[in-house]
1. Roughly how big is the stretch 1-134's charge dipole about its Cα centre, with Cβ charges of +1 (Lys, Arg) and -1 (Asp, Glu), in debye to the nearest 20?
2. What percentages make up the Cα-Cα pair-distance distribution of the chain when the bins are 20 Å wide from 0?
3. Only sites in a loop by DSSP and with at most 14 other Cβ atoms within 10 Å count here; which trypsin sites (Lys or Arg not before Pro) in the stretch 213-289 make the cut?
4. Going down the list Lys250/Lys314; Lys126/Lys286; Lys190/Lys273; Lys126/Lys252; Lys145/Lys314, which pairs span over 22 Å between their C-alpha atoms?
5. Give a quick list of trypsin sites (Lys or Arg not before Pro) in the stretch 1-96 that DSSP marks as loop, anything other than H, G, I, E or B, with at most 15 other Cβ atoms within 10 Å.
6. When only alpha-carbon atoms count, how far does the stretch 225-304 stretch along each of its three principal axes, as whole angstroms with the largest first?
7. Evaluate the charge dipole of the stretch 125-291 about its Cα centre and quote only its size in Debye, nearest 20, assuming +1 on the Cβ of each Lys and Arg and -1 on the Cβ of each Asp and Glu.
8. Compute a Gaussian network model of the chain, connecting alpha carbons closer than 10 Å, and tell me which residue from Ile92, Ile125, Ile230 fluctuates the most.
Amino acid sequence: MVILAVESSCDETSVAVVRDGKEVLSHIILSQIDIHAVFGGVVPEIASRNHVVHITRVFDKAITDANIKIDDIDLVAVTKGPGLIGSLLVGINAATTFAFAHQKPIIGVNHLVGHIYAANIEHDIKFPALALLVSGGHTELIYMKEHMDFRLLGTTKDDAVGEAYDKVARTLGLSYPGGPIVDQLASQGKDTYDLPRPFLDRTEYNFSFSGLKSAVINLVHNAQQRNEAINIPNMCASFQASVLDVIIEKTKLAATNYNVSQIIVAGGVAANKGLRNRIFNEIPEKEIIIPSMEFCTDNAAMIGAAAYHQYLLKGALPNYLLGGDSTLSI
Ligand code: KG4
Ligand code: ZN
């Protein structure tokens, strides 16, 4: 089954052609990061306008690069949420128009389900599985009994991990998106600042990162008032150590208690090198799969991967309507 998949939930305009949920025939990601970096974060209105400007070209390139004819496409899939509403609408309109014009069935895919299924492109998800979903907007532990069966075990009570990374980076005067830069600097520093490990001692699967973020902001402001310098690599290393201590421990707790066969690490923060290094060492008793970097941050291939299993189980919707549960967190 050849799926044309579309993702436009935030600031990446992406279209991919994926065969049977696995074989990525083409994968185009047009990032707007440079445009938003000057504002220190994604500006929703600018994001949706840029999707409008570029999406047709991205469709064309994905189809050309896949070396297929439009006739070869069996299904169109598009991210239906969660995400920035203006950005989502551009992808949804483009995908529904394409599907209508070419008489193709279409399905709407949850963005978070897409992040999880990114792991199924190069690996095979084994059930029961535990997904640690860490991105700019979400921090969740999800139990999967089988394909497309999700049970939320825990989530953040305030900031998402990626959001905390980006805000800490901004406080340290680093550019947007801060996650990759903090990750890079952390590898050059040492864990010397005393930062909290929120919720670490609780036997629950929820997270909290706003207190940790505030602790960094307070240390930086106090240092500024005393005219003292902050050692930026050491602060990045200390912040990253706190985050990883918490998310790895909670993942280990849930994986043990639910006796899962496999752990999936997904979402933009799954690109974190510190996380990728530590989690295999600290949970050696479980098989852990992580998508390669290309499929960690927002991309359409993951939507195609998820769409395949969703279609097999639930089919497409009639009348080209997407309908349904786009506001569901998972
Ligand atoms: O999944 P994603 O592309 O978009 C959302 O759905 O949110 O995730 C983006 C987030 C940003 O907060 C970014 O700073 C973070 O992922 N991120 C990282 C790394 N690469 C991206 N955070 C920590 N370390 C990284 N290497
Ligand atoms: Zn995402």
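Readers should treat all values here as calculations from the given coordinates under stated rules, not as data from a laboratory. Remember, predicted model here, so these are calculated numbers, not experimental data. Reconstructed Cβ throughout: ideal geometry from the backbone, glycine too, with neighbour counts over all protein chains shown.
1. Details: 9 positive and 14 negative charges, 43 e Å.
In total the dipole reaches around 200 debye.
2. That works out to 33, 55, 12, 0, in percent per bin.
3. Values: sites: Lys213, Arg226, Lys250, Lys252, Lys273, Arg276, Arg278, Lys286; in loops: Arg226, Lys286.
Of the trypsin sites (Lys or Arg not before Pro), the ones in loops of the stretch 213-289 whose Cβ has at most 14 other Cβ atoms within 10 Å are Arg226.
4. Details: Lys250/Lys314 32 Å; Lys126/Lys286 11 Å; Lys190/Lys273 15 Å; Lys126/Lys252 17 Å; Lys145/Lys314 17 Å.
Long pairs (Cα-Cα over 22 Å): Lys250/Lys314.
5. Numbers: sites: Arg19, Lys22, Arg49, Arg57, Lys61, Lys69, Lys80; in loops: Lys22, Lys69.
When the trypsin sites (Lys or Arg not before Pro) of the stretch 1-96 are filtered for loop state and at most 15 Cβ neighbours within 10 Å, Lys22, Lys69 remain.
6. 51, 33, 17
7. Numbers: 17 positive and 18 negative charges, 22 e Å.
About 100 debye.
8. Greatest mean-square fluctuation among the candidates belongs to Ile230.
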